[in-house]
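The block underneath contains the structure these notes are about, expressed in structure tokens.
The values are calculated or read from the model by the stated rules, or taken from the named source; none is laboratory data. In this text, all values refer to a predicted model and were calculated from it rather than measured experimentally. Positions of Cβ are generated from backbone atoms using ideal geometry, with glycine treated the same way; all protein chains shown enter the neighbour counts.
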Amino acid sequence: MALVFWASVGLLVFVAILSLDIMGFFSRGNKFQLEGRTVILTGGSYGMGKELAKMLSQRGANLILVARDPKKLQDALDYAKSSAKNPGTQRFHYISADVSQESENTRLLAEATAWNNGRTPEIVWANAGASKPQLFIEASVETLRQQMDLNYWAAAYLAHKTMKAWLYPDTPYQQGATAEAPRHFIMTSSGAAFYSPAGYNPYGPAKCALRGLADGLRQEMLMYNGARRSNKKTSQAPAPFDIKVQIVFPGTIKSPGFETENQTKHQITHLIEAEDPVQTEVEAATAAMKGLESGKFMTQTNWLTELMRLSAISGSPRDNIVKDTVGQWITSIAWLFIGPDMDGRPWGYGKKEGMPEFKPEKV
């Protein structure tokens, strides 16, 4: 009887904690302060990026947008500027660059730093990316490389250069420098990082790699954050701020990019994702900002990417120990049913339609 009693007490406590957490009682304020700070946002000229730019502006950030098309950049900058929280003091700038090239990341960070009065921007968001869904064997090798360059290397290049600039600047930090607010390096991945269905193989592996980079880089930055608390004197003074690495996982977003994707998407991919939730650009951007403000390492923008995150969380930090642990158990069971259904769609399509005609991409 005693065992049953304590088990019941434990269950009630668990339910109470979970309920309070879901209702926001354990919230500890905004962990993504933006007012007066400078943000670099790549891929900020359209889609979710354009809406993110507006929301960053609304929160008082100085903004540097990066993309390739100057006209779209100017339009996006004007759109963001019109919503500025502090119109008289906020500053806005854009840089036209192809972030899939390493040298362009070097240039844009240098230009952004110069524009920011010689100070490396405090928040850098590698948001650039685009999907070109195709059957794997029909995609050209050139497309496979381009997808990896844009959807993984663009963020990796920028992270590599930003972290060095933050941690080992040309003018070294002084011992005992005044503490500053945390710096944030943010990456936009995709739900495809957790589950990449048939037809997304040019794109999905790059987003999986980005998730891996975020996991490893977050943990690596803990060493530098820990060095700030050390009493040991070294030749190199630590940065007077912590570095937070965060990653966002959008799902399907109804945007110009989505319409472009549908031009190359195979019918089987349409069948597999037929019931997927579709968000507007504003909805996805709002969810991303909410996750960052709550301090999440991983931010999913809809319920489907949340379920995929739970089932694939592995050793990544949990937003909530109770919710995420129980959610992982539940989704592991759910995949016993979801997985066969997902696999059955391409199997059934092939059985019904027969051998598909080979249509290699023309380069």
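Data table
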read-out: Test: A206 is farther than 26 Å from W335 by Cα, of a type in the set (G, A, S) and in contact with a Phe, Trp or Tyr (Cβ under 9 Å, 6 or more places away or on another chain); value: no
read-out: Residue list for segment 287-323, filter: surrounded by fewer than 17 Cβ atoms within 10 Å (Cβ to Cβ) and in a helix (DSSP H, G or I); value: K290, W303, I321, V322, K323
read-out: Test: residue in segment 241-259 that is on the phi < 0 side of the Ramachandran plot, surrounded by fewer than 18 Cβ atoms within 10 Å (Cβ to Cβ), assigned to a loop (DSSP other than H, G, I, E, B) and out of contact with any strand residue (DSSP E or B) (no Cβ under 8 Å at 6 or more places or on another chain); value: no
read-out: Odd one out for T143, checked against (1) more than 28 Å from H270 (Cα to Cα); (2) buried (at least 17 other Cβ atoms within 10 Å of the Cβ); value: (1)
read-out: One residue from A128, A97 being in contact (Cβ under 8 Å) with a residue 24 or more places away in the chain, buried (at least 16 other Cβ atoms within 10 Å of the Cβ) and over 19 Å from the mean Cα position of the chain (by Cα); value: A97
read-out: When residues of segment 324-363 are limited to those that are in a helix (DSSP H, G or I) and among the basic types (K, R), the one nearest to T305 (Cα to Cα); value: R345
read-out: A114 of a type in the set (A, V, I, L, M), in a loop (DSSP other than H, G, I, E, B) and more than 21 Å from the chain's Cα centre (by Cα); value: no
read-out: Residue pairs meeting the criteria (Cβ under 8 Å; at least 6 apart or on separate chains; first over 27 Å from I313 (Cβ atoms), in segment 248-259; second of a type in the set (D, E, K, R)); value: K254/E281; S255/E281
read-out: Tally, over segment 211-228, of residues that are in contact with a strand residue (DSSP E or B) (Cβ under 9 Å, 6 or more places away or on another chain) and either assigned to a loop (DSSP other than H, G, I, E, B) or among the polar types (S, T, N, Q) (or both); value: 2
read-out: Residue check for T171: hydroxyl-bearing (S, T, Y) and either at pLDDT 95 or above or in contact with a Cys (Cβ under 6 Å, 6 or more places away or on another chain) (or both); value: no
read-out: Tabulated pairs, segment 17-42, first within 26 Å of V326 (Cβ to Cβ), second part of a loop (DSSP other than H, G, I, E, B) and modelled with pLDDT of 90 or more, C-beta under 8 angstrom, 6+ apart or interchain; value: S27/S294; R28/G295; K31/S294; K31/G295
read-out: Filtered residues of segment 113-125 (kept if farther than 26 Å from I253 by Cβ and crowded, with 16+ Cβ neighbours inside 10 Å); value: T113, W115, N116, T120, E122
read-out: Number of positions in segment 270-286 that are under 23 Å from the mean Cα position of the chain (by Cα), surrounded by 18 or more Cβ atoms within 10 Å (Cβ to Cβ) and over 30 Å from Q58 (Cα atoms); value: 1
read-out: The listed residue being over 22 Å from the mean Cα position of the chain (by Cα) and surrounded by 19 or more Cβ atoms within 10 Å (Cβ to Cβ), out of L135, L109; value: L135
read-out: Qualifying residues in segment 15-56 (those that are among the acidic types (D, E) and more than 15 Å from the chain's Cα centre (by Cα)) - the one modelled with the lowest pLDDT; value: D21
read-out: Scan of segment 124-150 for residues that are polar (S, T, N, Q) and part of a helix (DSSP H, G or I), ordered by number; value: T143, Q146, Q147
read-out: Residues (in contact with a helix residue (DSSP H, G or I) (Cβ under 7 Å, 6 or more places away or on another chain), in contact (Cβ under 8 Å) with a residue 60 or more places away in the chain and surrounded by fewer than 22 Cβ atoms within 10 Å (Cβ to Cβ)) located in segment 191-238; value: Y195, P197, A198, N201, A209, L213, P238
